[in-house]
Amino acid sequence: MAIIKVGKEDLKERDSALKELSEYFSALSVTKGRDITYNVRTYGCQLNESDSEKLCGMLQQMGLKEVTGDTSADIIIFNTCAVRENAEDRLFGNLGIVKADKKSDKDKIIGVCGCMTKVPENVEKIKKSFPYVDLVFDPQQLHLFPVFLRDSIGRKKQLVNISAEDYIVDDSLVPINRKRKFRALVPIMYGCNNFCTYCIVPYARGRERSRDLSEIVEELNRLADQGYKEVMLLGQNVNSYKGANGERFPAVLEAAAKIKGFNRIRFMSSHPKDISTEIVDMVAENPNIETHLHLPLQSGSDRILKLMNRPYNREDYLKTAHYFREKVPNGAISTDIIVGFPGETEEDFLGTLEVVKECAFDSAFTFQYSKRPGTKAASMEDQIPHDVVTERFGRLLELQNDLAYKSNQAKIGKTEEILIEGQSSTAPDILTGRTMSNHLVNFTIPEALKLPGKTADDYEGMLCDVKFTSARPYSVDGEMVKLK
Ligand code: SAM
Ligand code: SF4
């Protein structure tokens, strides 16, 4: 599989498609007497969210207006995930729902992209069962979306374009419609070479390819100038970053930390096999690097880690976790754990519970193993029965919920800086935000600190100090004591 670098010259056809589509949609808008709208639906991880911001940026450049939440949009793009089977089930369910809308409006366009399209069985299913989907393309070719969209309009047959190559595109050439006023997602690398035996990502996202450091720094400087307070440096394994001149991840983190204006530099994911004490030291020493480490454990059993092709052991993992706790005392560690990997015994699972307890994870994404076609683990013997997996999963959740609650309780009485994310989804007079350590906080604003004439949403992106008063299993409650 080749890796192809895409520059300005290579995007000429994309640019002319963008222009043609602007003209087409402008004429359609006149005919229909209203705005032409789009809705990009995102499944999965932050890298998918970042891809969706690019799709939205291109659609915006065509003069379309974003609508969210319903199926009324003129263009609906499903940006899918294939990491677990339930994401696929959700997509197929939603494709069924939009069928009637598509039937009643011949101008409506439905597209599917994202990791799922790299699994041939999924593409076959879309061709066979959802022929009204207009276009299907893979995440490697996101930059060519306008070309595919243009070519699909007026075409009788479904357009399917899945590449065998991996592309690395100068991201400054792709318009981005960032979803958050304060947080910018910045992929520093794409793809993965690790081939953990359960994981579809290396097949779906292709080989590892890193953006040039100079290009990343230019983007970060632009974001700081635009007033972004938080950046999230993204990659399947940020520690594998390798710039054109051999630069490694610490160089990216250092460059980001030096840029004035960023209050929080977040990064994920770190692979336990590659993370160095240097990164932890940088977290401890730089006040604008988050005091949070996302370090996926997957399993606490050395035997299972080996079967998973995760080249570290329980002892290595614990060493890193303890080093982080020692160097970053007010920090937080989060993790990913898979329960029920093929061959997992009760003893293996108890090993996982032990590591979870010892690390006292502040939060965790816990998953039941999902068999992914084409991965090595899918053909392993000794797949674990569903009832055993759910029973173990319940025990893990109980333990982890207790640890998360304790982590939140430990905040009570303290005052910390919060970056405000907006209004709480459950109560209009409560704001929500995060600490430097990524703890979720819901808080009230006393009358004296309220900004006259402002709604809760106007506080998005502002910084404030919050005194924590009580804890919940997944969040901390508090009261604002100072708006900055
Ligand atoms: N690159 C990241 C890393 O290695 O930590 C993870 C990316 S993956 C999108 C996010 C998480 O999904 C993984 O850490 C793993 O816990 C989970 N995952 C991946 N494949 C899975 C599978 N087949 N079944 C269950 N969970 C899975
Ligand atoms: Fe998947 Fe492993 Fe790569 Fe993470 S490191 S994306 S779990 S193959």
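The values are calculated or read from the model by the stated rules, or taken from the named source; none is laboratory data. This one's a predicted model, so the numbers in the text were calculated from it and none came from an experiment. A quick note on method: Cβ atoms are made from the backbone with ideal geometry, for glycine too, and the neighbour counts reach across all protein chains shown. These accessible areas exclude ligands, DNA and RNA; they are computed on the full protein's heavy atoms, side chains included. Shrake-Rupley method; radii C 1.70, N 1.55, O 1.52, S 1.80 Å.
When the Karplus curve 6.51 cos²θ - 1.76 cosθ + 1.60 is applied with θ = phi - 60°, which whole-Hz ³J(HN,Hα) does each residue of the stretch 4-20 get, with x for Gly and Pro?
Along the stretch 4-20, the couplings run 10, 7, 10, x, 4, 4, 6, 9, 4, 5, 4, 5, 6, 5, 4, 5, 4 Hz.
So what are the three principal axis dimensions of the stretch 309-377 from its Cα atoms, in whole Å, longest to shortest?
41, 22, 20
Can you check how the C-alpha radius of gyration of the stretch 351-456 compares to 2.2 N^0.38 Å, as a plain ratio?
Details: Rg = 20.1 Å, N = 106, 2.2 N^0.38 = 12.9 Å.
Ratio of Rg to 2.2 N^0.38 Å for the stretch 351-456: 1.55.
Apply the Karplus parameterisation 6.51 cos²θ - 1.76 cosθ + 1.60, with θ equal to phi minus 60°, to every residue of the stretch 352-361 and state each ³J(HN,Hα) to the nearest whole Hz, in sequence, with x for glycine and proline.
So the Karplus estimates, Gly and Pro as x, are 5, 4, 4, 5, 4, 4, 5, 7, 6, 4 Hz.
Averaged over every viewing direction, what's the projected area of the C-alpha convex hull for the chain? Give it in nm², one decimal, please.
Values: hull surface 94.8 nm².
One quarter of the hull surface, i.e. the mean projection, equals 23.7 nm².
Please report the accessible area of His322 (heavy atoms, 1.4 Å probe, ligands and nucleic acids excluded) in Å², nearest 10.
Looks like 90 Å² after rounding.
Find how many whole Å separate the alpha carbon centroid of the stretch 423-471 from the alpha carbon centroid of the stretch 61-87.
What the calculation gives is 30 Å, centre to centre.
Using the C-alpha gyration tensor of the stretch 141-283, what are the square roots of 5 times its eigenvalues, in whole angstrom, with the largest one first? Numbers along the way, then the final one.
On the way: eigenvalues 172, 88, 31 Å².
Taking √(5λ) for each Cα gyration eigenvalue gives 29, 21, 12 Å.
Dividing the convex hull volume of the alpha carbon atoms of the stretch 218-326 by its residue count, what do you get in Å³ per residue?
99
Where does the stretch 117-192 land on Rg(C-alpha)/(2.2 N^0.38 Å)?
1.30
Along its three principal axes, how long is the stretch 38-178 when you only count alpha carbons? Whole Å, largest extent first please.
Computed over the Cα atoms, the extents are 38, 32, 27 Å.
Specify which residue in the list Val136, Leu451, Val169 is farthest towards the positive end of the charge dipole of the chain, using unit charges on the beta carbon of Lys, Arg (+1) and Asp, Glu (-1), about the Cα centre.
Highest projection toward the positive end goes to Val136.
Give me a comma-separated list of calculated 3J(HN,Hα) values for the stretch 160-169, in order, Karplus coefficients 6.51, -1.76, 1.60 applied at θ = phi - 60°, integers in Hz, x for any Gly or Pro.
Here the 3J(HN,Hα) series is 10, 9, 10, 8, 9, 9, 10, 10, 10, 9 Hz.
Counting Lys and Arg as +1 and Asp and Glu as -1, what is the net charge of the other residues whose Cβ lies under 9 Å from the Cβ of Arg211?
-4
Kirkwood Rh, the stretch 423-484, all Cα pairs: how many Å?
11.8 Å is the Kirkwood radius here.
Find the accessible area per residue for the stretch 333-450; the probe is 1.4 Å, ligands and nucleic acids are left out, and the unit is Å². Before the final figure, lay out each step's value.
Working: 5340 Å² over 118 residues.
Here the per-residue accessible area is 45 Å².
Calculate log10 I(q)/I(0) of the stretch 198-262 for q = 0.18, 0.23, 0.28 Å⁻¹, where I(q) comes from the Debye formula with a single equal point scatterer on each Cα and nothing for solvent.
For the stretch 198-262, the Cα-only Debye profile gives -0.70, -0.98, -1.23.
Which translational diffusion coefficient, to the nearest whole µm²/s, is obtained for the stretch 386-447 from the Stokes-Einstein equation, given a Kirkwood hydrodynamic radius over C-alpha pairs, 25 °C and 0.890 mPa s?
Values: Rh = 13.9 Å.
The diffusion coefficient I find is 177 µm²/s.
About the Cα centre of the chain, what is the dipole size in debye to 20, counting +1 per Lys and Arg Cβ and -1 per Asp and Glu Cβ, all else neutral?
Details: 66 positive and 71 negative charges, 192 e Å.
With Lys and Arg at +1 and Asp and Glu at -1, about 920 debye.
Mind checking the per residue accessible area of the stretch 32-77 for me, 1.4 Å probe, whole number of Å²?
The answer is 35 Å² per residue.
With +1 on the Cβ of every Lys and Arg and -1 on the Cβ of every Asp and Glu, and nothing else charged, how large is the dipole of the stretch 251-390 about its Cα centre, in debye rounded to the nearest 20?
580
What cysteines in the chain have no other cysteine with a beta carbon less than 4.7 Å from their beta carbon?
That list is Cys45, Cys56, Cys81, Cys113, Cys115, Cys192, Cys359, Cys464.
What base-10 log of the normalised intensity I(q)/I(0) is obtained for the stretch 30-117 from the Debye formula, alpha carbons as equal point scatterers, at q = 0.11, 0.16, 0.22 Å⁻¹?
Ignoring solvent entirely, the Cα scatterers give -0.30, -0.63, -1.11.
Toward the positive end of the charge dipole of the chain, about the Cα centre and with charges on Cβ (Lys, Arg +1; Asp, Glu -1), which of Tyr241, Phe468, Thr42 goes farthest?
Thr42
Using a 1.4 Å probe over the heavy atoms of the protein chains, calculate the carbon and sulfur portion of the accessible area of the chain as a whole percent.
51
Full-extension gain between Glu447 and Glu215, please, as 0.36 nm times their residue separation minus the C-alpha to C-alpha distance.
Result: 79.0 nm gained on full extension.
Counting only the heavy atoms of the protein chains, how much of Leu28 is accessible to a 1.4 Å probe, in Å² to the nearest 10?
Using a 1.4 Å probe on the heavy atoms, I get roughly 20 Å².
Work out the length of the dipole vector of the stretch 1-127 about its Cα centre, built from +1 on the beta-carbon of each Lys and Arg and -1 on the beta-carbon of each Asp and Glu, and round it to the nearest 20 debye.
200
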